[in-house]
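Worksheet: one structure, shown below.
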Amino acid sequence: MGGYRMVSLRGLIVFTICRKACIYNPATRQSLTLPTFKSNLFAQQEPYKHVHYFFGHDPVLDQYKIVCSVMIASSFSEMLFSEFWVFVLEPGGFWKRTEYDAQAHLPTRQGLCINGVIYYLAFNHTRRYHVYCFDVRSEDIRVIQAPHAVPQFCTSFGFIEHGGKPAIFDYSRITETGVSELWVLEVDGGIWSRKSLVLKLCQKHLVDDIDHNKKLIVHGTGENNEVILALTCPCYLLYYDLMKNDVRKVNINRVTTPHVCIKIPASFRVRRESAVVEPAKTSAASKPQSIVDSYTASLEDMTAQGALDG
């Protein structure tokens, strides 16, 4: 299917293709491409234009919304303007621009939707990290200062959900010292708790492959508060249990050339006993359904069949 910047929420997946948001339901194998919107920022002559999509759910109204952040910057990386667009995922839905008067900012991590609020990490004109909070129902935006101890311009940390709260997992020193830091947003007003995690000596060798050319990438957390980290060359996953301070490793044997980093689609499964990624067997009756050309007809069909149910 292609695409990038995948966001998963309640069994649905949103990803981006050529600045367009696409929705995929792995259970029904239906996909849907949302219509484009006409932002005046796209016509600007500034060289840098950034488009980020976030996926939210309002548990009170049981309503899904796609939120799009558009930002343009000058050649000197000066952030100039930001716009926000919202799409309610329902038959007849359309993009509408929401009011936003704060300073332009650039999202740097995928967003988290927790209890009807989308949290995401971004830079603003101060060149420091802030957490932006988008209320899915009211469509209001609040800003929270991230911990000052979070390294500026550092890539070795992830924005994750921990214990039902947004958190920052900083593993920039895990190779050298075995120490990582966990910052948890305890109160929406901006109170963070900090916890230092130290790798067990018997597990220190699990991160020996990481250097400045081979970085770990955070892919979110599992249901049991394990942070999922991936290394592409060599290819393996690390599951870091933040509650037990325990790490396990899953190797992935490549089926392509060593220089090609493979994508793992939903139709693949990982066998834990041998840690080999292999295609799952599918019957002829379970072949992916064709993509419906008409947007409205597709969305009505997905709603009628329960494809948008969490």
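Would you calculate the separation in nanometres between label points at Arg97 and Arg10, each defined as 7 Å from the Cα along the Cα-to-beta-carbon direction?
2.9 nm
Using Cα pairs under 8 angstrom and six or more residues apart, how large is the relative contact order of the stretch 1-111, in percent? Before the final figure, lay out each step's value.
Working: 198 pairs, mean separation 19.3, N = 111.
Relative CO of the stretch 1-111 lands at 17 percent.
Taking amide H positions as placed 1.01 Å from N in the peptide plane, with prolines and chain starts having none, which residues 5 or more places from Ile114, or on another chain, fall under 5 Å of its amide H?
Residues meeting the amide H criterion: Tyr119.
Quick one: of Lys165/Lys244; Lys38/Lys165; Lys20/Lys96, which pairs are farther than 25 Å apart, Cα to Cα?
Listed pairs above 25 Å: Lys38/Lys165.
Extending each Cα 7 Å along its Cβ direction at His125 and Lys204, get the distance between those two points in nm, one decimal.
About 4.7 nm separates the two model spin labels.
We did not get these values from a lab; they are worked out from the coordinates using the rules stated. Fair warning: this is a prediction, and the values are worked out from it, not measured in the lab. All Cβ positions, glycine included, derive from the backbone under ideal geometry; neighbour counts span all protein chains shown.
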